[in-house]
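Remarks on the structure that follows.
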Amino acid sequence: MKIAVLAVQGAFIEHEKMLEALGCETVELRQKKDLEQSFDGIVLPGGESTVQGKLLKELNMYDDIKERIEHGLPVLATCAGLILLASDIANDDRRHFATLPVRVKRNAYGRQLGSFHHDGEIKGLGVFPMEFIRAPYIEDAAEDVEVLAEVDNHIVAVRYKNQLAAAFHPELSGDARFHKLFVDMCG
C-alpha cells in the first residue's frame with residue numbers, strides 16, 4: 001500500500017515513519033508532478049494551515065488534492081490538516097479544501113505554551129496518548145460526522161466518509177493505532 005504525505009511544510013516525517021512501521025510505502029508530495037503517481041491515501045500533517053494552504057495553491061496542487069478527496073481518496077488530517085479540511089473556521093475567514101462538515105477553532109488552546117498531553121478515549125481504540133501543540137478543536141460537527149474523541153467537552157477526532165481527522169498529533173504518540181485505523185480505511 002502506498003500513502004502520500006503532503007510535505008510542503010509541517011511535521012510530515014513522523015507520519016512517514018509511523019506508516020512505514022505499519023508496512024506502508026510512503027511518497028512525499030512536494031510539487032505538482034508528485035501527484036502523477038498513484039497512491040491509496042493521503043496524509044495532511046500538522047504545521048501551519050495558512051502556509052500550507054498558500055503553498056498548495058502556489059504549487060498548483062490544491063485543485064487536484066481537493067478533487068481526489070471529494071472523489072473518495074482516504075485522507076488522514078492532523079492539527080493543521082484538520083483546519084485544511086474544515087468547511088468552516090470559527091476564527092478565520094479563509095477556507096481551504098472545505099470537505100469535512102465541521103466548524104474548527106484555530107489555536108483553540110492558545111499559543112505554543114498552551115500545548116499539552118492528554119490520555120483519552122478514542123472510540124474503537126481505547127485510551128490513546130494525545131499530543132496537542134497549538135491545537136485546534138472542533139466546535140461543531142454535522143450530524144453525519146462520527147465523533148471519535150472529546151477532551152473537556154470539545155471534539156478532537158472525527159471520521160466522515162473517507163476522512164479521518166484529529167486536532168492532536170498521533171504521529172508523536174509512539175502508538176500506531178490511529179494510523180492503523182487510517183491504513184484500514186485505505187485498504
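Annotations
- 15 Å beta-carbon shell around ALA142, net charge (K/R +1, D/E -1): -3
- Neighbourhood net charge (13 Å Cβ-Cβ; Lys/Arg +1, Asp/Glu -1) for VAL158: -2
- Antiparallel content of DSSP bridges confined to the chain, in %, to 5: 55 percent
- Kirkwood Rh, angstrom, region 2-186 [1 / mean 1/r, Cα pairs]: 16.0 Å
- Each residue of region 172-187 was assigned a 3J(HN,Hα) from its phi angle through the Karplus curve 6.51 cos²θ - 1.76 cosθ + 1.60 (θ = phi - 60°); the sequence is 9, 7, x, 10, 8, 4, 5, 5, 5, 4, 5, 4, 4, 5, 7, x Hz, with glycine and proline shown as x.
- Selected from ALA90, LEU73, LEU59, residue furthest toward positive end of dipole (the chain; charges at beta carbon): LEU59
- Under 9 Å, Cβ to Cβ, from ARG106 - net charge with Lys/Arg +1 and Asp/Glu -1: +1
Every number here is computed from the coordinates shown, using simple stated rules; none is lab data. The structure presented is a predicted model; accordingly, all values stated were derived computationally and were not measured. FYI the Cβ positions are ideal-geometry reconstructions off the backbone, even for glycines, and counts take in every protein chain you see.
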